[in-house]
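A short worksheet on the structure shown next.
The values are calculated or read from the model by the stated rules, or taken from the named source; none is laboratory data. Quantities reported herein were computed from a predicted structural model and do not represent experimental measurements. Cβ placement follows ideal geometry from the backbone for every residue including glycine, while neighbour counts extend to all protein chains displayed. The protein model used for the area step is the full one, side chains on, heavy atoms only, and it has no ligands, DNA or RNA in it. Shrake-Rupley method; radii C 1.70, N 1.55, O 1.52, S 1.80 Å.
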Amino acid sequence: MSSAECVQLGVHASGVAEIVIHRPERHNAMTREMYERLLEHIGACAGRSAVRSVLFKGAGGKSFVSGTDISHFKDFREGRDGIAYEAFVERVIDAVERIAVPTVAVVDGWAVGGGLALATACDFRVCSEASRFGAPIAKTLSNTLSSRNIARLLAALGTPRVKRMLLLADYMTAQEALACGYAHAVCAPGELDAAAHALAQRLMALSPVTHKAAKESIRRIVVEQRLDDDDLIEEVYGSQAFRDGVAAFTGR
């Protein structure tokens, strides 16, 4: 299976799209070609009005995504290689965050490094009981995360937990993720997929106009520290969905 084929897209009649990372023999580690394919699938979802929710999954039952394949770093010779790499990863994570419809990370096993960043960029996370979350780079590659990805983690987990992850190379368990609100649900074996689709169905029953505006506001606040929102407010209050909502409540 080629690197491009290791990232698969399927769209259900229900309106749920599934993007599956399928490289279980390498714990779903990502190559550059796989990241590029992921971007293509995100673009394809954005171009299909029938897609109303997107699930991100890892195949194999042991790992969601274990980060970038370490072989990618063998040719790095200077610090600027790292700058280019982090900028590329940011393009991928940013694309996930900018998906207008609700997104769910379906985590079965390890979500590590880039996998943690991908899961955090999604709106919700459902995970198996054996799932673990972390970025143990202090004891592996001695690299770092971009400040934007650290900002996302801080918003989702809080400073103490992020310091445990990055400075102590600790992992967060599924139950810890649930207790702090990072995980929406922790599922028994065999129930994960059904729980993810049930959450997607619940989300799709709600206003896509509100979803789109709220997601973009949160992204701007967390990642860019921006509070400008006139464009979002104008789009929402000028929408037919808003007029229909008012009419439904007022009987007009």
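Could you list, in sequence order, the residues of region 132-143 that are more than 19 Å from the chain's Cα centre (by Cα) and either among the hydroxyl-bearing types (Ser, Thr, Tyr) or surrounded by 20 or more Cβ atoms within 10 Å (Cβ to Cβ) (or both)?
Listed by number, the residues that qualify are THR140, SER142.
Name the residue, out of ALA247, ALA200, ALA241, ALA183, that is open to solvent by less than 40 Å² (accessible area, probe 1.4 Å), in contact (Cβ under 8 Å) with a residue 24 or more places away in the chain, outside any loop (DSSP other than H, G, I, E, B) and out of contact with any Phe, Trp or Tyr (no Cβ under 8 Å at 6 or more places or on another chain). I'd like the intermediate steps shown before the answer.
Values: ALA247 fails: in contact (Cβ under 8 Å) with a residue 24 or more places away in the chain; ALA241 fails: open to solvent by less than 40 Å² (accessible area, probe 1.4 Å); ALA183 fails: outside any loop (DSSP other than H, G, I, E, B).
Going through ALA247, ALA200, ALA241, ALA183 in turn, the sole match is ALA200.
Just wondering, is there one or more residues in region 172-193 that are at negative phi and at pLDDT below 95? Steps first, please.
Initially, region 172-193 is screened for residues at negative phi, giving 172-180, 182-189, 191-193.
Restricting the remaining residues to those that are at pLDDT below 95 gives 188-189.
Yes, because at least one residue in region 172-193 is at negative phi and at pLDDT below 95.
State all residues of region 12-60 that are charged (D, E, K, R), surrounded by fewer than 19 Cβ atoms within 10 Å (Cβ to Cβ) and not in a helix (DSSP H, G or I); if no residue qualifies, say none. Spell out the reasoning first.
Initial filter on region 12-60 (charged (D, E, K, R)): 18, 23, 25-26, 32-33, 36-37, 40, 48, 52, 57.
Keeping just the survivors that are surrounded by fewer than 19 Cβ atoms within 10 Å (Cβ to Cβ) gives 25-26, 32-33, 36, 40, 48.
The answer is ARG48, and nothing else.
I need the full set of residues from region 186-197 which are touching a residue at least 24 places away in the same chain (Cβ under 8 Å) and either more than 19 Å from the chain's Cα centre (by Cα) or in a helix (DSSP H, G or I) (or both), in order please. Break it down stepwise before answering.
Just the residues of region 186-197 that are touching a residue at least 24 places away in the same chain (Cβ under 8 Å), to begin with: 186-189, 192-193, 195-197.
Selection gives ALA188, PRO189, LEU192, ASP193, ALA195, ALA196, HIS197.
What strands (runs of 3 or more DSSP E) completely inside region 61-124 contain at least 2 residues that are open to solvent by less than 20 Å² (accessible area, probe 1.4 Å)?
Numbers: elements: 63-65, 103-107, 110-112.
In region 61-124, the matching strands (runs of 3 or more DSSP E) lie at 63-65, 103-107.
Just to be sure before I move on: is ASP108 under 17 Å from the mean Cα position of the chain (by Cα) and more than 30 Å from ARG226 (Cα to Cα) in the structure I sent? Give the steps one after another, and end with the answer.
Working: under 17 Å from the mean Cα position of the chain (by Cα): yes; more than 30 Å from ARG226 (Cα to Cα): yes.
Yes, satisfied.
Restricting to region 138-152, what's the tally of residues that are under 20 Å from ARG91 (Cβ atoms) and aliphatic (A, V, I, L, M)?
Narrowing region 138-152 to residues under 20 Å from ARG91 (Cβ atoms): 143-152.
Subsequent filtering for residues that are aliphatic (A, V, I, L, M) retains 145, 150-151.
Result for region 138-152: 3.
If you check GLU129 against the conditions, is it surrounded by fewer than 20 Cβ atoms within 10 Å (Cβ to Cβ) and without any contact (Cβ under 8 Å) to a residue 60 or more places away in the chain?
Spelling it out, it is not the case that GLU129 is surrounded by fewer than 20 Cβ atoms within 10 Å (Cβ to Cβ) and without any contact (Cβ under 8 Å) to a residue 60 or more places away in the chain.
How many residues does region 203-231 contain that are within 22 Å of the chain's Cα centre (by Cα) and open to solvent by less than 60 Å² (accessible area, probe 1.4 Å)? Lay out the reasoning, then the answer.
Within region 203-231, the subset within 22 Å of the chain's Cα centre (by Cα) is 203-226.
In the following step, the residues that additionally are open to solvent by less than 60 Å² (accessible area, probe 1.4 Å) were identified as 203-204, 207, 209, 211, 213-217, 219-220, 222-224.
Residues flagged as within 22 Å of the chain's Cα centre (by Cα) and open to solvent by less than 60 Å² (accessible area, probe 1.4 Å) within region 203-231 amount to 15.
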